[in-house]
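Enquirer: Would you mind keeping the following structure in view while I ask a few things?
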Amino acid sequence: MSNPVNLQVWDGAVNLRDLGGLPLEDGGTTAAGRVWRSGAPEPMTPTGWAEAVDAGLTTVVDLRNPAEVKQARDLMPDAVRPWEVVTHHTPTEDPGDPHFLETCGPWLDHPRSYAPNIAMYPHLFGGVFRVVADAPGPVLVHCAAGRDRTGMITALLLSLTGVEHEAIARDYERAFRGTTHRGGGVAYDVERGAWVQHRGETWTARQLDERVGERRAALLEWLADLDPVAYLRYAGLDEARITNLRERLR
């Protein structure tokens, strides 16, 4: 099910994949080397960043919250990236918003959170997509694990591009399987109603299959109801940027 372009590796990169080679509803496939998705890039080595620059990378879109970015920097203070690559911090949520925590808190690693999340913060999502639209060259989009916030953004972009919904779901599945456990870090504890340090949990193959199955179904349901053009207009993007985004992977 994989595409050769998705096998690219930058040394140290976590859950990295090129969004090229995905089937379009009107025929053909998405262009390679335009948009990548991954987990947090702090583990990337100087060699990995050199490989990314050689691949044309110009822009990094970091979807993490400020607390997550700070924690990552505290854990890996020597992590560096080349000056040629510009990073934009564009979180997709307000972790202190009680409405967000009540509505999305139980589903932060699940596509069931996507619909309320994008409805709640069109200004934040508008900021993400403005950065992608205005990027002078290829873009890397990432969150912490590279699964759900990254999956939400890339699914919306792929839907706008005209990628087949089943292919979008397969792309999400690959990213989810790219992390065989729920990673540690800052997580929301629903029972305590607070953000806490989560040590992570390892899933068996059966548990992973179950999680993938229910998440794929929820993602496909969301995509069926999604009008990406209407949403991006609602998020404040002009027609030129929407066209840019639609054509970026073509």
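The values are calculated or read from the model by the stated rules, or taken from the named source; none is laboratory data. Everything numeric here is computed off the predicted structure, so don't read it as measured data. Counting neighbours? That spans all protein chains shown, and the Cβs are built from the backbone with ideal geometry, glycine included. Heads up: the accessible areas ignore ligands, DNA and RNA and are worked out on the full protein's heavy atoms, side chains in. Shrake-Rupley method; radii C 1.70, N 1.55, O 1.52, S 1.80 Å.
Enquirer: Does Gly193 meet the test of being modelled with pLDDT under 95, more than 16 Å from the chain's Cα centre (by Cα) and crowded, with 18+ Cβ neighbours inside 10 Å?
Expert: So Gly193 fails the test.
Enquirer: Can I ask one more? Starting from region 209-232, take each residue that is more than 18 Å from Asp148 (Cβ to Cβ) and among the acidic types (Asp, Glu) and list its partners that are assigned to a helix (DSSP H, G or I) and open to solvent by 70 Å² or more (accessible area, probe 1.4 Å), counting only C-beta distances under 7 angstrom and pairs at least six apart or across chains.
Expert: From residues that are more than 18 Å from Asp148 (Cβ to Cβ) and among the acidic types (Asp, Glu), there are no pairs.
Enquirer: So Gly21 fits all but one of (1) part of a loop (DSSP other than H, G, I, E, B); (2) closer than 18 Å to Gly137 by Cβ; (3) more than 15 Å from the chain's Cα centre (by Cα); (4) not hydroxyl-bearing (Ser, Thr, Tyr); what number is the exception?
Expert: That leaves (2) as the condition not met.
Enquirer: Quick one: what pairs do we get from region 237-250, first residue open to solvent by 70 Å² or more (accessible area, probe 1.4 Å), second part of a helix (DSSP H, G or I) and charged (D, E, K, R), C-beta under 9 Å, 6+ apart or different chains?
Expert: Glu239/Arg233
Enquirer: Separate question: Taking Met1 and the conditions (1) within 20 Å of Glu166 (Cα to Cα); (2) hydrophobic (A, V, I, L, M, F, W, C); (3) modelled with pLDDT of 95 or more; (4) surrounded by fewer than 17 Cβ atoms within 10 Å (Cβ to Cβ), which numbered condition does it fall short on, given that it satisfies the others?
Expert: (3)
Enquirer: Quick check on region 75-106: of everything there that is closer than 25 Å to Glu42 by Cβ and aliphatic (A, V, I, L, M), which residue is least open to solvent (accessible area, probe 1.4 Å)?
Expert: Among those residues, the one meeting the criterion is Val85.
Enquirer: Okay, next question. Can you find a residue in region 75-89 that is modelled with pLDDT of 95 or more, hydroxyl-bearing (Ser, Thr, Tyr) and closer than 24 Å to Pro228 by Cα?
Expert: The answer is no, given that none of the residues of region 75-89 is modelled with pLDDT of 95 or more, hydroxyl-bearing (Ser, Thr, Tyr) and closer than 24 Å to Pro228 by Cα.
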